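One structure is given here, and the rest of the page talks about it.
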């Protein structure tokens with residue numbers, strides 16, 4: 001999964017994808033320790049995909065907080 005593909009998805013879908021990737025990673029690690037994982041390269045691939053999703057979620061969160069901060073600074077509060 002490429003970062004461009006992840007960026008196109010809405011935030012709600014990314015949250016669900018993050019949960020799914022966490023479960024896949026847990027299952028892959030578990031299967032690896034039980035010697036049932038055929039493709040051990042699956043673990044780093046899932047880790048990278050999970051990192052991509054988390055990075056984009058963090059970027060979106062920081063952008064939204066920056067927008068809120070900018071919006072609050074743009075509208076001066078009147079003191080009473």
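The values are calculated or read from the model by the stated rules, or taken from the named source; none is laboratory data. Predicted model, so just to flag it, every value in this text is computed and none were measured. With ideal geometry, Cβ positions are generated from the backbone for all residues, glycine too; neighbour counts draw on all protein chains shown.
Considering segment 1-36 alone, what residues qualify as being part of a helix (DSSP H, G or I), touching a helix residue (DSSP H, G or I) at 6+ places or on another chain (Cβ under 8 Å) and either more than 15 Å from residue 58 (Cα to Cα) or free of Cβ contacts under 8 Å to residues at least 12 places away in the same chain (or both)?
Here is the first cut: in segment 1-36, the ones part of a helix (DSSP H, G or I) are 3-8, 11-33.
The next check asks that each one be touching a helix residue (DSSP H, G or I) at 6+ places or on another chain (Cβ under 8 Å); those that pass are 3, 6-7, 11, 14-15, 17-18, 21-22, 24-25, 28-29, 32.
Answer for segment 1-36, where residues must be part of a helix (DSSP H, G or I), touching a helix residue (DSSP H, G or I) at 6+ places or on another chain (Cβ under 8 Å) and either more than 15 Å from residue 58 (Cα to Cα) or free of Cβ contacts under 8 Å to residues at least 12 places away in the same chain (or both): 21, 22, 24, 25, 28, 29, 32.
Could you tell me whether residue 72 is out of contact with any strand residue (DSSP E or B) (no Cβ under 8 Å at 6 or more places or on another chain) and on the phi > 0 side of the Ramachandran plot? Working first, answer last.
Values: out of contact with any strand residue (DSSP E or B) (no Cβ under 8 Å at 6 or more places or on another chain): yes; on the phi > 0 side of the Ramachandran plot: no.
Judged against the criteria, residue 72 is not a match.
The rows are residues; the columns are (1) crowded, with 16+ Cβ neighbours inside 10 Å; (2) modelled with pLDDT of 95 or more; (3) at negative phi.
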position: 4; (1), (2), (3): no, no, yes
position: 14; (1), (2), (3): yes, yes, yes
position: 23; (1), (2), (3): no, yes, yes
position: 45; (1), (2), (3): no, yes, yes
position: 55; (1), (2), (3): no, yes, yes
position: 66; (1), (2), (3): no, no, yes
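Looking only at segment 25-43, count how many residues are exposed (fewer than 11 other Cβ atoms within 10 Å of the Cβ) and under 23 Å from residue 3 (Cβ atoms).
Filtering segment 25-43 for residues exposed (fewer than 11 other Cβ atoms within 10 Å of the Cβ) gives 33-36, 38-41.
Checking the rest, the ones that are also under 23 Å from residue 3 (Cβ atoms) come to 39, 41.
Number satisfying all stated conditions: 2.
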